[in-house]
Number of protein chains: 2
Amino acid sequence: MSAIESVVENYVASWNETDPARRRAALSASCAADARYRDPVMTGDGLAGLDAMLAGVQAKFPGFVLKRISGIDHHNGAVRFSWSLGPAAGPSVVEGVDFVLLSGDGRFASVVGFIDKMPA
Amino acid sequence: MSAIESVVENYVASWNETDPARRRAALSASCAADARYRDPVMTGDGLAGLDAMLAGVQAKFPGFVLKRISGIDHHNGAVRFSWSLGPAAGPSVVEGVDFVLLSGDGRFASVVGFIDKMPA
């Protein structure tokens, strides 16, 4: 697995990891200390802010799983991949694409999510 | 037309404007002085660098037109839109999506293009 694949997989794992210590470890492995997340419905700043954001998503939507549904496209320190969120076994509820800027050490510095599918 | 629509339309116009003064005016209307462009095959830095990049594309692919082929999706100072590049009348040659971060005054500060369709 390439370094970028490993970082992306750790980031996806952080969304699905409900054990606080393991979630935080997955975030630390994938995101810079001052990493920022923005999408149309939520934001998080720094590892603690991202961790709180994910804990909130997991509490609000128990059992939902984030899945990467595209390849990992990257160049010039920027990455994009598409994802779905929903029950592990059912159809997705939300789908979107994350645009990521990497930090100097290859972890996520900034994530901007755009939504491609959202319940009405 | 909203401010964001106007900025995006000026940016798209800059790709298609072959008159140097009008191309530079369209760039100034859409991009910050220190704006950066990155895609897998070209880069440009600052208005002069972007202008030279566009002049190069126009010289290499005379008659090609950049068309926006999606809506303008934006939140939190970030924008995405899809585009095609090719002859005005024919099928597109290249298609992709631009992911943009806006400057404080609403112009493009950073453009990262990802490719969705490219000749083999």
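Segment B:75-120 and segment A:18-52 have Cα centres spaced 28 Å apart.
State the percentage of accessible surface on the protein assembly as shown attributable to carbon and sulfur atoms; use a 1.4 Å probe and exclude ligands, DNA and RNA. Intermediate values should be presented prior to the final figure.
Details: 6290 of 11050 Å².
The value for the protein assembly as shown is 57 percent carbon and sulfur by accessible area.
Rolling a 1.4 Å probe over the heavy atoms of the protein chains gives chain A an accessible area of 46 Å² per residue. Summarised in one figure, the compactness ratio Rg/Rh of segment B:1-56, Cα atoms and Kirkwood Rh, is 0.96. A point 7 Å from Cα along Cα→Cβ stands in for residue A:65, and the other copies hold the same point at 4.6 nm, listed in rising order. Counting only the Cα atoms, segment A:52-120 fills a convex hull of 103 Å³ per residue.
With 29 Å as the limit, the listed pairs A:117/B:117; A:60/B:117; A:60/A:117; A:67/B:117; A:117/B:60 have A:60/B:117; A:117/B:60 beyond it between alpha carbons. In order along segment A:86-101, the phi-based Karplus estimate (6.51 cos²θ - 1.76 cosθ + 1.60, θ = phi - 60°) of 3J(HN,Hα) comes to x, x, 4, 9, x, x, 5, 9, 10, 9, x, 10, 9, 9, 10, 9 Hz; Gly and Pro are listed as x.
Please report, to one decimal in angstroms, the Kirkwood hydrodynamic radius of chain B built from all distinct Cα-Cα pairs.
Every distinct Cα pair counted, the radius reaches 14.2 Å.
Taking a probe of 1.4 Å and counting only protein heavy atoms, give the total accessible area buried between chains A and B in Å², rounded to the nearest 100. Show your work: numbers first, answer last.
On the way: alone 6240 and 6230 Å², together 11050 Å².
Between A and B, the summed buried area is about 1400 Å².
Inter-copy label distances for residue A:115: 3.2 nm (label point placed 7 Å from Cα along Cα→Cβ; shortest first). Scanning chain A for the Cβ atom closest to the axis that brings A onto B yields residue and whole-Å distance A:99, 2. Assuming R0 = 51 Å, can you tell me the calculated FRET efficiency for the pair residue B:43 and residue A:59, based on Cβ-Cβ distance, to the nearest 0.05? Working from the Cβ atoms, E equals 0.75.
Between residue A:92 and any residue 5 or more places off or on another chain, the built amide H atoms are never under 5 Å apart. Below 8 Å, C-alpha to C-alpha, sequence gap of six or more: please give me the relative contact order for segment A:45-120 in percent. Here the relative contact order equals 21 percent. Taking only the C-alpha atoms of the protein assembly as shown, the Rg (one decimal) and the largest Cα-Cα distance, Dmax (whole number), read 19.1, 59 Å.
Between copies, residue B:20 shows label-point distances of 6.4 nm, shortest first, with the point placed 7 angstrom from Cα along Cα to C-beta. Around the amide H of residue A:18, modelled in the peptide plane, lies no amide H under 5 Å away from a residue 5 or more places distant or on another chain.
Solvent-accessible surface, computed for protein heavy atoms with a probe of 1.4 Å, shrinks by 10 Å² or more for the following residues of segment B:62-86 when the other protein chains are added to the isolated chain: B:73, B:75, B:76, B:78, B:80. For chain A, set up a Gaussian network in which alpha carbons nearer than 10 Å are linked by springs, and say which option among A:26, A:52, A:109 fluctuates the most. It is A:52.
The values are calculated or read from the model by the stated rules, or taken from the named source; none is laboratory data. Since we're looking at a predicted model, the values are computed, not measured. All Cβ positions, glycine included, derive from the backbone under ideal geometry; neighbour counts span all protein chains shown. Surface accessibility is based on the protein's heavy atoms, side chains included, excluding ligands, DNA and RNA. Shrake-Rupley method; radii C 1.70, N 1.55, O 1.52, S 1.80 Å.
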